[in-house]
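Asker: A single structure is presented below for examination.
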Amino acid sequence: MNREGFKTNGPVFIPFLGAALFAPKDMDRRQEAVIGIGGPILGSLFSFLLLGLYFVVKVKWLLMMAYMGIFLNLFNMIPITPLDGGRVTQVVGKWFKFVGFVLLLALTISMKQPGMLLIWIIVLFDFEFISIKARFGLAVMTLIAMTAMLVLHLGIRTEADFYVTCFDCLLGLFYLTLIGFALRRNSQELEETLNEGSKRVSISTSGKIKWFAVWLITSAILCAAIIALGPMLKLAVIS
């Protein structure tokens, strides 16, 4: 963001989820893509560095951390906002978010973890084809579903899962409270703010192809690494 000429504050760390830098509103599509790809690329490079160290010193936790880092960066490449993959692919076209919607839905169903619903609470506000009030209502229903899963211990496998999900529920409640106050104060202004990205000037066809290739190649490399490291990690854990 600094290299693109934007003044930034320090990152906001969100326990169990990561860190975030709040981007300015006056970015163009290319700048958002550049900023979006920075996190996955640097995070992936560090994960592969850990993997290289594992092959040198043969310490199991290095392999586990490398696998986790690669998986998180691959997850972050899902093409839907607020994930970085969505910030990269927004240059291709706003229709691309529906690809991300399908991928995130499939991952949510396969993982069956209530914490995944926190991502949905945020993602739902990117669906500009429905009204802001409907988005808020769907997000509230999602929070209720996540709380119900917590109470019924659905998807809760360990004590750590329970406390992490408790935190996720509180974080979702805090986020929706802020949105609710903004919605009550001026719903039109909030909707314009949330839909701001779709009003940016489109880039050239060659630029769209370039950024699609960047997203595809990065995702493919991370996916291949996950497939290759899966059996290796399982063998390391067993031994």
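The values are calculated or read from the model by the stated rules, or taken from the named source; none is laboratory data. All values reported here derive from a predicted model rather than from experimental measurement. All Cβ positions, even for glycine, are placed from backbone atoms using ideal geometry, and neighbour counts span all protein chains on display.
Asker: Tyr54 passes all but one of (1) of a type outside the set (S, T, N, Q); (2) surrounded by 16 or more Cβ atoms within 10 Å (Cβ to Cβ); (3) under 18 Å from Val214 (Cα atoms); (4) modelled with pLDDT of 90 or more; which number fails?
Answerer: (3)
Asker: While we're looking at this one, here's another question. Considering each of Val140, Val151 in turn, give the residue that is at pLDDT 95 or above and surrounded by fewer than 20 Cβ atoms within 10 Å (Cβ to Cβ).
Answerer: Exactly one of Val140, Val151 is at pLDDT 95 or above and surrounded by fewer than 20 Cβ atoms within 10 Å (Cβ to Cβ), namely Val140.
The rows are residues; the columns are (1) of a type in the set (S, T, N, Q); (2) in a helix (DSSP H, G or I); (3) out of contact with any Ser or Thr (no Cβ under 6 Å at 6 or more places or on another chain); (4) farther than 21 Å from Lys7 by Cα.
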site: Met27; (1), (2), (3), (4): no, no, yes, no
site: Ala33; (1), (2), (3), (4): no, yes, yes, no
site: Leu49; (1), (2), (3), (4): no, yes, yes, yes
site: Tyr54; (1), (2), (3), (4): no, yes, yes, yes
site: Ala66; (1), (2), (3), (4): no, yes, no, yes
site: Val99; (1), (2), (3), (4): no, yes, yes, yes
site: Val102; (1), (2), (3), (4): no, yes, yes, yes
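Asker: Any idea which residue in region 107-137 is nearest to Glu191 (Cα to Cα), counting only those that are at pLDDT below 90 and among the aromatic types (Phe, Trp, Tyr)?
Answerer: Out of the qualifying residues, it is Phe125.
Asker: Follow-up question, since we're still on this one. Identify the residue in region 154-179 that is of a type in the set (Asp, Glu) and surrounded by 10 or more Cβ atoms within 10 Å (Cβ to Cβ) and, among all such residues, is nearest to Met116 (Cα to Cα).
Answerer: For region 154-179, the residue satisfying everything is Asp168.
Asker: How many residues, within region 130-152, are more than 12 Å from Leu194 (Cβ to Cβ) and among the aromatic types (Phe, Trp, Tyr)?
Answerer: Residues meeting the conditions: 0.
Asker: Out of the residues in region 193-239 meeting the condition of being charged (D, E, K, R) and in contact (Cβ under 8 Å) with a residue 12 or more places away in the chain, tell me which one is surrounded by the fewest Cβ atoms within 10 Å (Cβ to Cβ). Give the derivation first.
Answerer: Initial filter on region 193-239 (charged (D, E, K, R)): 196, 199-200, 208, 210, 234.
So of that shortlist, the ones also in contact (Cβ under 8 Å) with a residue 12 or more places away in the chain come out as 196, 200, 208.
Numbers: Glu196: 13, Arg200: 16, Lys208: 17.
Checking each candidate, the answer is Glu196.
Asker: Any residue in region 215-233 that is modelled with pLDDT of 90 or more and within 25 Å of Ile130 (Cα to Cα)?
Answerer: Scanning region 215-233 turns up no residue that is modelled with pLDDT of 90 or more and within 25 Å of Ile130 (Cα to Cα).
Asker: Give me the pairs: first residue in region 143-161 and in the same structural domain as Leu176 (by TED's automatic domain parsing), second residue among the small types (Gly, Ala, Ser), beta-carbon distance under 6 Å, and six or more apart or on different chains, which are they?
Answerer: These pairs meet every condition: Leu143/Gly172; Met149/Gly155.
Asker: It is to be established whether one or more residues within region 187-201 are part of a helix (DSSP H, G or I), among the hydrophobic types (A, V, I, L, M, F, W, C), assigned by TED's automatic domain parsing to the domain that holds Ile122 and in contact with a helix residue (DSSP H, G or I) (Cβ under 9 Å, 6 or more places away or on another chain).
Answerer: yes
Asker: Out of region 103-126, which residues are in contact with an Asp or Glu (Cβ under 6 Å, 6 or more places away or on another chain) and under 14 Å from Pro79 (Cα atoms)?
Answerer: Residues satisfying the conditions do not exist here.
Asker: Another one. Taking the condition of a type in the set (Gly, Ala, Ser) and within 24 Å of Ile122 (Cβ to Cβ), does Gly197 pass?
Answerer: yes
Asker: All but one of (1) surrounded by 13 or more Cβ atoms within 10 Å (Cβ to Cβ); (2) touching a residue at least 40 places away in the same chain (Cβ under 8 Å); (3) of a type outside the set (S, T, N, Q) hold for Ala182; which doesn't?
Answerer: (2)
Asker: Quick check on my filter: what residues within region 25-84 are small (Gly, Ala, Ser) and closer than 17 Å to Phe96 by Cα? Reasoning before the result, please.
Answerer: To start, the set of residues in region 25-84 that are small (Gly, Ala, Ser) comprises 33, 36, 38-39, 43-44, 47, 52, 66, 69.
If the condition is that a residue be small (Gly, Ala, Ser) and closer than 17 Å to Phe96 by Cα, then Ala33, Gly36 are the ones that fit.
Asker: What's the total number of residues in region 124-145 that are in a helix (DSSP H, G or I), of a type outside the set (D, E, K, R) and more than 16 Å from Thr177 (Cα to Cα)? Write out each step before concluding.
Answerer: Kept after step one, since they are in a helix (DSSP H, G or I), are these residues of region 124-145: 124-126, 132-145.
The next check asks that each one be of a type outside the set (D, E, K, R); those that pass are 124-125, 132, 134, 136-145.
Keeping just the survivors that are more than 16 Å from Thr177 (Cα to Cα) gives 145.
The qualifying residues number 1.
Asker: With the requirement that a residue be among the β-branched types (Val, Ile, Thr) and over 23 Å from the mean Cα position of the chain (by Cα), what does region 182-233 give you?
Answerer: Val201, Ile203, Thr205
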